[in-house]
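Working notes, structure below.
The values are calculated or read from the model by the stated rules, or taken from the named source; none is laboratory data. These numbers were taken from a predicted model, which means no experiment stands behind them. Cβ placement follows ideal geometry from the backbone for every residue including glycine, while neighbour counts extend to all protein chains displayed. Protein only, heavy atoms only, side chains kept; ligands, DNA and RNA dropped before computing areas. Shrake-Rupley method; radii C 1.70, N 1.55, O 1.52, S 1.80 Å.
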Amino acid sequence: MSLAMATCQPTASSDPRANGAEVRRMLRVAAAAGARLAHFPEGFLSGYAVADVAAWEDVDWSAVRRELEEVAALAGELGIWVVLGSAHPLTPPHWPHNSLYVISDQGELVDRYDKRKCSNTELTRFYTPGFEPVVVDVDGFRFGLALCIEVNFEDLFAEYRRLGVDCVLLSAYPVDSIFETKARAHAAIHNYWLSLSVPAQRTHLFHSGLIGPHGEVLADVGSEAGLVIGTLDRGDPALHVALDLAKPWRALARAGDIYEERRVDDERSRLRTESAEARVITLCGSTRFEAEFAEVNQRLTMDGYVVISLGMFGTVDGSDLKERLGALHFQKIRMADEVYVVDPGGYLGESTRREIAYAGSLGKPVRYLSRERPA
């Protein structure tokens, strides 16, 4: 399934009559080229505040209304949808909305998007903000609408993704070149098309055009006034990764289940201040449990630990040797990240109790075989 649309880059002025005539001229060109929708810049019909309009008292609102009616009539005649930027007057003394009019291919004004995130200048001198997103369905494709500085608000673009849009129509009167980079990033992150329409006066910053779901420019108007026909084609092989792989995968990733079901219970995962090296465990317990020490040593080694065990088993003769072995084992405890007590049946001899107390004084975690594997 595909849809052809026109991204328009007209020369803006402060005269609604001239602007309306330019819209109608471009609509005829777009319709003749097979476009089903034509997209125009921010504030184009009425003139954009600051750049084209110094004060709302200077605007001939009756002329704006007549031009809008003529554009709608031509849209119905040509059978083309139109998204057209204009100020929308409110009841005095309220300032206008900064809006996008949505005109159907039957020539009907079916919706209006009012800019939600106005700039400081807009908010304090020119415009009343809107509060609702707008989506429009055309020939099996869903469009979301946004205006200029809203490019800086990721939540608006994420909202349109959640609303299932295939393409965002972003109309602007930009002041910097980084704007295009932000627009391309939104398209690539959310895997939808994005039509970027600006007036011809701003092409020294970037050009109007259609950006694909992979973030690449698919159609470019160029540096002069005009329009370009771009195609939204779900079957385009160049968009296979973005539409068929990345988009559904990111939906799963955002839901989070694919990660939660792979959560592990691992001490090395929980301790974020530890290095990536294996943790060291020193074994403590009676020298009579040689078989149990061997089993625990093997199991912990297989679990990825560095294991320090006893140096000898059986009866140790001589108090000097016992003292030296005891001091050596205290050093082994100091080297450990934690201590594991081999205590079958819960047996703890006097030496083992001293070692546990020493480990506790150093703040070393202590685990017990008897508590993990009760007799």
### Message
Taking the 0 to 90 degree range and rounding to the nearest ten, how far is the long axis of helix 290-302 tilted relative to the main principal axis of the chain, both from C-alpha atoms?
### Response
20 degrees
## Note on the structure
So the carbon and sulfur contribution to the accessible area of the stretch 12-153, 1.4 Å probe, in percent, is 51 percent
### Task
Give the distance, in whole Å, between the Cα centre of the stretch 308-357 and the Cα centre of the stretch 83-112.
83 Å
### Query
When all C-alpha to C-alpha distances in the stretch 197-250 are sorted into bins of 5 Å, what percent of pairs does each bin hold, rounded to whole numbers?
4, 20, 23, 17, 13, 11, 8, 3, 0
### Full-extension gain in nm, Glu77 to Leu362, via 0.36 nm per residue minus C-alpha separation
94.0 nm
### Summary
If each part is reduced to its alpha-carbon centroid, the stretch 208-257 and the stretch 14-60 end up apart, in Å, by 26 Å
### Query
In the stretch 267-298, which trypsin sites (Lys or Arg not before Pro) fall in coil by DSSP and have 16 or fewer other Cβ atoms within 10 Å?
Arg272, Arg288
### Task
Express the accessible area of the chain per residue in Å², computed with a 1.4 Å probe while the remaining protein chains stay in the model.
49 Å²
### Query
How large is the charge dipole for the chain, taken about the Cα centre, if only the Cβ atoms of Lys, Arg (+1) and Asp, Glu (-1) carry charge, to the nearest 20 debye?
960 debye
#### Entry: Pairwise label distance in nanometres, Glu216 with Asn152, each label 7 Å out on the Cα-Cβ vector
3.1 nm
## Note on the structure
If each K or R counts +1 and each D or E counts -1, the residues other than Asn152 whose Cβ falls under 9 Å of its Cβ total 0
### Message
So I have (i) 39.2; (ii) 27.8; (iii) 19.1, and one of them is mean projected area of the Cα convex hull in nm² calculated from this model. Which one is it?
### Response
(ii)
### Query
By how many degrees, between 0 and 90 and to the nearest 10, does the Cα long axis of helix 16-32 differ from the longest principal axis of the chain?
70 degrees
### Task
Scale the Cα Rg of the stretch 69-121 by the rule-of-thumb value 2.2 N^0.38 Å and send over the ratio, two decimals.
1.30
### Query
How would you classify the stretch 131-220 from its alpha-carbon gyration tensor, with a ≥ b ≥ c the square roots of the eigenvalues: rounded for a/c under 1.5, else prolate if a/b is greater than b/c, otherwise oblate?
prolate
